[in-house]
Structure formats: C-alpha cells, structure tokens
Amino acid sequence: MKNNKAYNYLSLFSPLDWISIFYILASAIYICFGLNFLDNFLFHFLIRILLLFFIVSLAFIAKKNPTKTILFLKNLYPLFFLGFFYTETSYLKNIIFKNNLDPFFFNLEQNLWGCQPSIEFSNLMTQNWFNELMNICYFSYYILITFGCIFIYLKKPLQSYKNIFIIVLSFYFYYIFFFLFPVAGPQYYIQLNSIESTPPHFFGKIMQYILLNIEEPTGAFPSSHVGIAIIINYIVFKELKKIFYFILPFVFGICFATVYLKAHYLVDVLAGILSAPILIIFTGKIYDKLSFITSNNSQNSIQNNN
C-alpha cells in the first residue's frame, strides 16, 4: 500500500518536472563548493526553494484541477525559469576556473583561421542594412524559443511533451557547460567600441540594450543560440513542416549574426552546430527513460481534456 502511495506521488511529476528538479538541486550542490567566495548565496538557495515549491504545488494542482490553463502552465513553466538560470551562469562560472577561458579560444581562432573572424566579418560588412539584418536574425532567437514552444504545444499538444522536454533539457546541459567552462566571447574579451556606439536602426537598438543589460559575460562556448535554434528547427520540420521553411532562413542568419555581432567566436558556432544533433538524440533517450514514471500524470489529463 505504501509503495502504491509513493508511486502515486511520483507519478504527479512529468519528465519535464524531473529534469527541472534535478537541475535546481544539482546547481544548488554546485553552489556549495563556492560558499567561501560567492556573494548572496542565500538568495540563490531561497530562489531554489521557491521554485521547488512552485513545481510541487503545480503538480498537485494539475492533478486535482487539470484545466487547460493549468496544464498549459505545467508544460511550459520552465521557459520562464530559463532567463534566470542563464544569468546565473555568470554567478557560478568561476567556481572551478577562476578566470574565463577566452585566451585559449582567442588563440584557437587565430591558429585555425589566421585572424579573428568576428572582427573581420564586422569590418567587412559595414553597411547599415546588413547590420540591421544581423540584429533581426539575432533577435529572432528569442522569438523562436518563446513562440516556437507555445505554437508546438497549441498545435500538437500530445507530441509537444517530448519536444519541449528536449528543448528545456538542452538548455540545462548548455547552462551546466557554461558555468563549468566559462567563455565570455569576443564582445567582452576583445576591447572594442562597437557595442558602445549607437546602432542606426530599430533592431540594432534593441540588441544593443540586450547585449548591454541582459546578456552575461559567459555562455559563449558552445553557442546555445545556434544549438537551440537548430534543435527547434528540427522539431518544427518534424511536426510543423508548413512553417519550417519560414524559420530556416532565421536559423542560418543566427549562425552568421552571432559572429558578426561578436557574441561568439566562430568555433563556438561550429560547436553549437555539432552539439545540436547530439543533444536531440541524448535528451530524447532520457525522455523515453523517464516517461514510464509519468503514466498517470497531467499529460493524460491533457489528452482527456482535448
């Protein structure tokens, strides 16, 4: 009887819940290794307690009252956490390596290409229209994440569970890599004045604000912008072919824009391209392993509700 009761409690949580709980707990343990020099670590522990409380509460609410709104929130809530977890990688980045690894990547770029591609690319294409195009492509990344996941969920809810799981877990893997192996990127390592200068057009001004106020000096290698964009495009190709060819040019544009805007080294982009299929396969297998736990979770409620 006790085992059945325990299983019923465990079945409240979806694979998405489990990986979010794991990331929260694993990163909390990692913070413990830096308690001697990290500032405000109690704040980060408090945030984790609140997030865990939110996940558990939402699981119970979804079980008892599986409305479409509640289930929508339950299957998409990690998207709202990703921004905080990204900025936190800058907080956690120097627990193992006290200094960023940019000197290595700067020299690697120089040895591979004989130059710094991010500098050469931006110096080669100085036209205002091209600058704005690159900023549009870079900005499209944020739209792909938010509206891509929501659109997949609304159009194909049953297929969306695994797909959103793959996207979110890929983010978690990227974030873990970012704070274990910190690389800031050319815009921070190479002292340039391009970020301070005012861009001429609308999206350039938006991206300047994001780069100066939201982006953190971390998370350059591998490029999650490129990796996640490719993963989302793969999912769209598999599930929603009608919009695949609309998204595809932006994915290509993101690959170029990350270098042009000096957010990434060229090797970061190549690593992002290579990491995408690995993460698709690996995270998909993890979902399949976890899904047996959730046979009675809220996803069945969605199926019944639809």
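Here are a few things to note about the model shown:
- Mean ellipticity per residue at 222 nm, deg cm²/dmol - from DSSP H runs of n ≥ 4 across the chain, formula -39500 (n - 2.57): -25000 deg cm²/dmol
- Only the Cβ atoms of Lys and Arg (+1) and of Asp and Glu (-1) were treated as charged; on that basis the dipole of the range 2-298 about its Cα centre amounts to roughly 1540 debye.
- With R₀ set to 30 Å, the beta-carbon distance separating residue 278 from residue 64 gives a calculated FRET efficiency near 0.15.
- Here the extension length gained between residue 37 and residue 128 equals 28.3 nm, from 0.36 nm per residue of separation less the Cα-Cα distance.
- Local electrostatic count, residue 121, Cβ distance below 14 Å [Lys/Arg +1, Asp/Glu -1]: -2
- Here the simple spin-label model places points 7 Å from the Cα toward Cβ, and for residue 150 and residue 120 these points are separated by 4.1 nm.
- When each of the peptides 235-248, 125-138 is scored by the mean number of other C-beta atoms lying within 10 Å of its residues, the order from highest to lowest reads 125-138, 235-248.
- R0 of 22 Å, Cβ-Cβ distance residue 54-residue 87: FRET efficiency to nearest 0.05: 0.75
- Shown for the chain are the DSSP H helices of 18 Å or more along their axis, judged by Cα atoms, with a mean Kyte-Doolittle hydropathy of at least 0.5: 15-32, 41-64, 78-92, 128-155, 157-180, 224-239, 241-260, 266-290.
- Dipole orientation for the chain: of the candidates 91, 144, 121, 144 has the Cα lying most toward the positive pole (charges on Cβ; Lys, Arg +1; Asp, Glu -1).
- Descending by average beta-carbon neighbour count within 10 Å, the peptides 58-70, 167-179 line up as 167-179, 58-70, the highest first.
Computed from the coordinates by the stated procedures, all read-outs in this text should not be read as laboratory data. All of these numbers come straight from a predicted model, not from anything done at the bench. Reconstructed Cβ throughout: ideal geometry from the backbone, glycine too, with neighbour counts over all protein chains shown.
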